[in-house]
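Presented below is the structure to which this report refers.
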Amino acid sequence: MRILTLGDVVGPAGLVAVSTELRRIKAAEKADLVIVNAENAYIGNGLDVRSAEALFDAGADVLTGGNHSLRIHDSFSYFDENDFVLRPLNYPKDAPGKGYTLFQMSNGKRVLVMSLVGQVFMNPADSPFGAAEALLKELKGQYDVAVADFHGEATSEKGAFFHHFDGRINVMFGTHTHVQTADEGLLPKGSGFITDLGMCGVIDSILGVKPSSVISDYTTKVHNRFEKAEGDVALCGAVFTVDNGTGYVTEVKRIRYVHEA
């Protein structure tokens, strides 16, 4: 089984790029399952229905979330109704939507996908460790492969999570920083990880935002409204190869495709 994962889709440029390129990338990587972090797909952060549907139409199977997931109030009913659009599992139970899904593969394998948000340098949320532990216990015997998107700022927190769940969550990847890390690898008990997938956003930008919108924060301490950048887009992520028999991850391949504007 090959699982294609893409990092944060940032704004209109990222959405257009993924919508245009995803099927080609899916075919090139021979992916069986596609997971996309979509919490920044809307022009002003968050995920709206139109953007979500565009990503599904392009070939995404599951959309994971993060700290911006619930910015668009008009999308709340969509989060409640669609089993494959996720917000963080460790949000309060009364938050709109759900934090995990069970995806049935064509070969009969059942894939548990969970979306989590970190606590370090992030807005308050329940423990991602405790939330994942409880979910694995609750769904024991109902899945064959487990996947976690850990949306967090601190590499140390992500690393601790990956090592703690080695052998219990097969595929683990980080999102949120918009910067792809070069530490993809295999863990001793059979899991695969990468600390951050990076983003699907404009290359000539600061995390997908026009540099001029950000620079004044550092030079004058005046905060300007962030404007989404335009131009060529890098689509960053990773492909995880999972042995169908053992569930062990046998390869983690970092990917970066460029969509010309």
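Figures for the structure shown
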| read-out | value |
| --- | --- |
| Residue within segment 48-68 that is outside any loop (DSSP other than H, G, I, E, B), aliphatic (A, V, I, L, M), at pLDDT 95 or above and more than 29 Å from Thr241 (Cα to Cα) present | yes |
| Index of the failed condition, Leu33 passing every other in (1) closer than 24 Å to Glu153 by Cα; (2) buried (at least 22 other Cβ atoms within 10 Å of the Cβ); (3) in contact (Cβ under 8 Å) with a residue 40 or more places away in the chain | (1) |
| Those residues of segment 76-123 which are at pLDDT 95 or above and on the phi > 0 side of the Ramachandran plot, in sequence order | Gly97, Phe121 |
| Filter result (free of Cβ contacts under 8 Å to residues at least 24 places away in the same chain and outside any helix (DSSP H, G or I)) within segment 8-30 | none |
| Matching residues, segment 212-237, being over 21 Å from the mean Cα position of the chain (by Cα), of a type outside the set (D, E, K, R) and outside any loop (DSSP other than H, G, I, E, B) | Ser212, Ser213, Val214, Ile215, Ser216, Tyr218, Thr219 |
| Count - residues of segment 69-91 that are in contact with a strand residue (DSSP E or B) (Cβ under 6 Å, 6 or more places away or on another chain) and in a helix (DSSP H, G or I) | 1 |
| Output for segment 1-14, where each listed residue is in contact with a strand residue (DSSP E or B) (Cβ under 6 Å, 6 or more places away or on another chain) and either on the phi > 0 side of the Ramachandran plot or not charged (D, E, K, R) (or both) | Met1, Ile3, Leu4, Thr5, Leu6, Gly7, Val9, Val10, Gly11, Ala13, Gly14 |
| All positions within segment 47-87 that are in contact with a helix residue (DSSP H, G or I) (Cβ under 7 Å, 6 or more places away or on another chain), crowded, with 22+ Cβ neighbours inside 10 Å and not aliphatic (A, V, I, L, M) | Ser51, Ser75, Arg87 |
| Subset of segment 179-236 that is among the acidic types (Asp, Glu) and in contact with a Ser or Thr (Cβ under 6 Å, 6 or more places away or on another chain) - its residue that is surrounded by the most Cβ atoms within 10 Å (Cβ to Cβ) | Asp196 |
| Selection status of Gln104, of a type outside the set (A, V, I, L, M), free of Cβ contacts under 8 Å to residues at least 24 places away in the same chain and touching a strand residue (DSSP E or B) at 6+ places or on another chain (Cβ under 7 Å) | yes |
| Subset tally (residues that are closer than 18 Å to Lys98 by Cβ and among the aromatic types (Phe, Trp, Tyr)) for segment 26-69 | 1 |
| Condition met for Tyr143 (closer than 21 Å to Thr5 by Cβ, buried (at least 23 other Cβ atoms within 10 Å of the Cβ), aromatic (Phe, Trp, Tyr) and touching a residue at least 24 places away in the same chain (Cβ under 8 Å)) | no |
| Residue within segment 238-257 that is among the aliphatic types (A, V, I, L, M) and in a loop (DSSP other than H, G, I, E, B) present | no |
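The values are calculated or read from the model by the stated rules, or taken from the named source; none is laboratory data. Please read these numbers as outputs of a predicted model, since none were measured by experiment. Don't worry about glycine lacking a Cβ; one is built from the backbone with ideal geometry, like all the others, and counts go over all protein chains shown.
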